[in-house]
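Taking it in order: structure first as structure tokens, then the write-up.
The values are calculated or read from the model by the stated rules, or taken from the named source; none is laboratory data. Just so we're clear, the structure is a prediction, and the values are computed from it rather than from any experiment. Note: ideal-geometry Cβ built from the backbone for every residue, glycine included; neighbour counts use all protein chains shown. Side chains included, ligands, DNA and RNA excluded: accessible areas come from the protein's heavy atoms. Shrake-Rupley method; radii C 1.70, N 1.55, O 1.52, S 1.80 Å.
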Amino acid sequence: MHTTIDGIRIAYIDEGSGPAVILLHGFPLCRAMWQPQVEALTGAGFRVIAPDLRGFGESDAPAEGYSMDRFADDVAELMTKLGIGRAVVGGMSMGGYILLNLLDRHPEKIAGAAFLLTRCGADDAAGKARRKDLAEAVRAGRRGTVENAFTDMLFAPRTAQARPELVEEVRSWMRAASDNGMAGALLAMGERPDYCGRLGEFHTPALVMGADADRIVPPETIGPFAAALPLSSSCIIPEAGHMANREAPQAFNACLLKFVRLCSQPLEVRGEDRGGV
Ligand code: MLT
């Protein structure tokens, strides 16, 4: 399916019926990454929406205009178009940066915030410089530099060796990303603000999920991220890297489903658990 938002075509999955769950993919991936989660969530009675963010997958890729604000506004406008007032939103890595922006600028739309293999901080000076170098490499026709850099980091070492077909599938999603989207999102990530000091303002039920072999978001950052959110729980997926949703889908789905079910219960049923979702 697709729709037009801000003058560009945005492709998305919309499957199942029930309370809405929106899944935001990471960089430089696309909505196809969520297939095991779409199956699990729709089978459990939820409606799942997963867009290709602008510049990625089958969505249009304008030359300019990439920012965390714009990515978040695209999601907010997609919700309005689909008649969804509030949803649980799960954001993987870059998707989590967009989720933080949504909580900041469109909090009324978020019934639950699932931070999946992501972080609350901004890039440091070296990180920003590396984003710029990678964006320039893409603009100079060397997008393979970005694909290789991310492929190397995305998987637990064990997965990379044992599951070459998964690595190849993920690379095919990277190839679907446009040069504009890659370069634009790299610079947008480099410019994102630091939210770690503001997490106490976000009184939305939250989940922070990590993976024990994630080489992009170290698992030891998950506890402090969750502890700084007023209503949160956390889980660490064993034997998985940054692509935990594909490396260990059962454990990933169990943690996500528990949270999504809790968010869709009426407040009185959540009862005493309100201090720790
Ligand atoms: C992602 O998976 O979205 C990226 O690793 C995020 C990042 O580069 O910061």
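According to the square roots a ≥ b ≥ c of the eigenvalues of the Cα gyration tensor, what is the shape class of region 2-270, taking rounded for a/c under 1.5, prolate for a/b larger than b/c otherwise, and oblate for the remainder?
Details: a/c = 1.35, a/b = 1.22, b/c = 1.11.
Because its axes are fairly even, with a/c under 1.5, region 2-270 counts as rounded.
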Please report, in debye to the nearest 20, how large the charge dipole of the chain is about its Cα centre when each Lys and Arg carries +1 at its beta carbon and each Asp and Glu carries -1 there. 20
Among rounded, prolate and oblate, which fits region 100-170 when a ≥ b ≥ c are the square roots of the eigenvalues of its C-alpha gyration tensor, a/c under 1.5 means rounded, and a/b larger than b/c means prolate? oblate
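So if I place +1 on the C-beta of Lys and Arg and -1 on the C-beta of Asp and Glu, and nothing else carries charge, what would the dipole magnitude of region 1-137 be about its Cα centre? I want it in debye, nearest 20. Walk me through the numbers on the way to the answer.
Values: 14 positive and 18 negative charges, 49 e Å.
Taking the Cα centre of region 1-137 as origin, the dipole is about 240 debye.
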Label points 7 Å out from Cα along the Cβ direction at A126 and D6: separation in nm? 3.2
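R0 = 51 Å: FRET efficiency of A176 with A227, Cβ-based, nearest 0.05? Please report the intermediate quantities before stating the final value.
On the way: r = 37 Å, r/R0 = 0.73.
Calculated transfer efficiency: 0.85.
Of the peptides 53-62, 122-131, how do they stack up when ordered by the mean number of other Cβ atoms within 10 Å, highest first?
53-62, 122-131
Nearest 0.05, what FRET efficiency do D133 and D104 give at R0 = 30 Å with Cβ-Cβ as r? Mind showing how you got there, number by number?
Numbers: r = 28 Å, r/R0 = 0.94.
The computed FRET efficiency comes out at 0.60.
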Explain nothing, just the number: dipole magnitude of region 124-277 about its Cα centre with +1 on each Lys and Arg Cβ and -1 on each Asp and Glu Cβ, in debye rounded to the nearest 20. 340
Quickly work out the R215-to-E64 label distance, labels modelled 7 Å from Cα along the C-beta direction, and quote it in nm with one decimal. 3.7
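For region 54-201, which whole-number percentage of the solvent-accessible area (1.4 Å probe, protein heavy atoms only) is attributable to carbon and sulfur atoms? Spell out each step's value before the answer.
Values: 3070 of 6000 Å².
That share works out to 51 percent.
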If amide hydrogens are placed 1.01 Å from N in the peptide plane, which non-local residues have theirs closer than 5 Å to the one on D194? A122
Please identify which residues in region 99-123 have an amide N closer than 17 Å to a label point set 7 Å out from the Cα of A44, following the Cα→Cβ vector. 111-117
